[in-house]
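**Student:** This is the structure I want to talk about, given as structure tokens.
Please treat every number below as a calculation from the coordinates, not as lab data. Small disclaimer: the values here were computed from a predicted structure and weren't measured. Quick reminder, even Gly has a Cβ in these numbers, built from the backbone with ideal geometry, and neighbours come from all protein chains shown.
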Amino acid sequence: MRMFLHKHVRVLVFAAVLISSPALEPSSFVGPDLVWSETWPGPGVFSVRLLSDYEVSLLHTPFDAPVFVLGASEKGSGALADSLSDGTRHVEGPSVAVLAGAHANEPAAVLAAYWLVERCRVEGGTLVVVPRANIPAAHWSGTPDGAPLTLTLGGRSLRYGARFTDPVLESLPDPLWHVPPATALSGKSLVLPGFEARNLNRVYSGDPTGSMTARTAWAITSMLSSPGVIGAIDLHEAGRKSGLAYTLITRSEFMDVAVATALDLEIRYDLTFRLERSDSSHAGYSHWEWGSMGVPSFLVETYNPAQDPATDSQDMLELATQQLAARVFAQLCALDGLVRHMAETSGQMMRLEGLPSCVDEVQTWLNGSIL
Ligand SMILES: [Zn+2]
């Protein structure tokens, strides 16, 4: 606990230095309080859990994170909704998990999750939303002495952090090399630089006795182990160089859902998403490891210009902010299609209500004109 208190003080010092407005000091929020400072649950949310409900060692640490449960009027109709609160496990309704914020420098993913939390209702099942899966990645900018930036969007202050967990908040030093857990088990030789051990999307399925990042992954994996879970969606963004922008990524066994969703996106919204089939080189990735558990799982990637190297003539983060509404809209359209097609594949009818009908609607929301 002392470690965390000490590190909280460091974050607070950053806030004092970097935030000129004394009104909110958004950079001072740590752990779950960061999420509570950024979003306001709407009527579709009927309960809120924490990741520590699934891995208790996260409790009272900056790694704990709110888990919003959205469902229909029949409270607790989905498996994830009921698996912990009273010990009963209702399995009559399907549950889909939506994760965002594994990488805290991908704001359209986090905002899409906030749209769900604030504005959506779910019919025929349960949606379990974790808008910031790795909150400590939002506590720094990716450089040792760099505080995170804050995007001001209407009345919302949104933290723009980094791809990796803040090492000051991590319980273990980086190893020399990081070997994704499943790779170690399979005996293959996928070896990554040591700092990738702080990349939440390289440490699945996680480890309840490992680093805090690995424990966070374990909490999410445990959450997805609940009966009745029919799918999981991990929202991300990418720079141009990665070649992943506007891509749906999944294992071959779930490609039918991705194909059907991509067709929907093209026909209904004139949005072109590429498809990418994963292989064992994706060991440690969320969708690969969750899929190995039999849970249809997908990565959704939109394009974030701020993840491209900046040039002298262009403020990439400013450009990224200008494009946010279109990216959030694309994330939500993809999510809608994936949920619908996952439900159909498992013989269920599950529908999201309250999604935006156009980019302008998202822009108005970002401007703070509708709540
Ligand atoms: Zn990402």
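**Student:** How would you order 61-71, 249-259, 169-179 from highest to lowest mean count of nearby Cβ atoms within 10 Å?
**Tutor:** 61-71, 249-259, 169-179
**Student:** Now a separate question. Can you work out ³J(HN,Hα) from phi for every residue in region 275-287, in order, using Karplus 6.51 cos²θ - 1.76 cosθ + 1.60 and θ = phi - 60°, giving whole Hz and x for Gly and Pro?
**Tutor:** Going residue by residue, I get 10, 9, 8, 7, 9, 5, 5, 8, 4, x, 6, 4, 5 Hz, with x marking Gly and Pro.
**Student:** Another question about this same structure. Compute the FRET efficiency between V259 and T143 as 1/(1 + (r/R0)^6), taking r as their Cβ-Cβ distance and R0 = 56 Å, and round to the nearest 0.05.
**Tutor:** Efficiency computed from Cβ-Cβ geometry: 0.90.
**Student:** Place the peptides 212-225, 194-207, 45-58 in order of packing, highest mean first, counting for every residue the other Cβ atoms within 10 Å and averaging per peptide.
**Tutor:** 212-225, 194-207, 45-58
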